[in-house]
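Please read the structure below before turning to the comments.
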Amino acid sequence: MKLQQGLSYIFLFFIGSLFIVKAQSFSVLSDRIEYICPDTHELITITEDLESVKSLYLSRVDNYFAIHFPEKDSVTGQTLDYFFKLHTSKVPDEWLSFEEELRLVGLEDGDYTLLIMARNESGQESQNIIELEMDVPPPYWRT
């Protein structure tokens with residue numbers, strides 16, 4: 001009887017501990033953004049203050065864009081899966097997965113909205129979604 005009572009206390013303590021543990025939220029944060037400058041046609045790399053980058057003007061001729069993310073969440077150490085949507089009238093509006101780097105090359109002229117989110121091993125989605133506006137100008141003969 002005492003053994004059974006002791007096991008009941010351990011079980012109740014364990015169940016009580018489960019209610020105390022909360023899922024830790026996380027944010028999706030980029031390590032680096034790269035793109036070709038439309039004026040100089042040089043590769044630009046941004047590694048600081050990435051949260052302030054809200055829009056990019058890409059070159060019509062050699063448009064290239066890449067955004068890099070860490071493999072694991074820096075707080076929990078969990079592996080992250082990344083997903084993106086590219087809003088435009090020309091591309092389907094659905095979440096697509098990618099590894100730690102997303103490259104967009106040769107985009108047609110137009111305005112794009114790139115959305116990026118992450119999901120950890122526990123299935124929890126990032127509390128934020130990165131949103132970036134991109135503009136690829138049309139050729140001069142169509143302006």
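Tabulated values for the structure
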| quantity | calculated |
| --- | --- |
| Full-extension gain in nm, LEU50 to THR143, via 0.36 nm per residue minus C-alpha separation | 30.3 nm |
| Residues listed by number, the stretch 105-132, amide nitrogen under 17 Å from GLN78 label point at 7 Å toward C-beta | 117-129 |
| Residue exposure sequence - TYR57, TYR35 - by fewest surrounding Cβ within 10 Å | TYR57, TYR35 |
| Computed lengthening from SER97 to SER25, 0.36 nm per intervening residue step minus Cα-Cα distance | 23.9 nm |
| In the stretch 68-143, the trypsin sites (Lys or Arg not before Pro) that fall in loop regions by DSSP, at most 14 other Cβ within 10 Å | LYS90 |
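A short reminder: the numbers here are calculations on the coordinates, not readings from a lab. Because the structure is a prediction, the values reported are computed rather than measured. Counting neighbours? That spans all protein chains shown, and the Cβs are built from the backbone with ideal geometry, glycine included.
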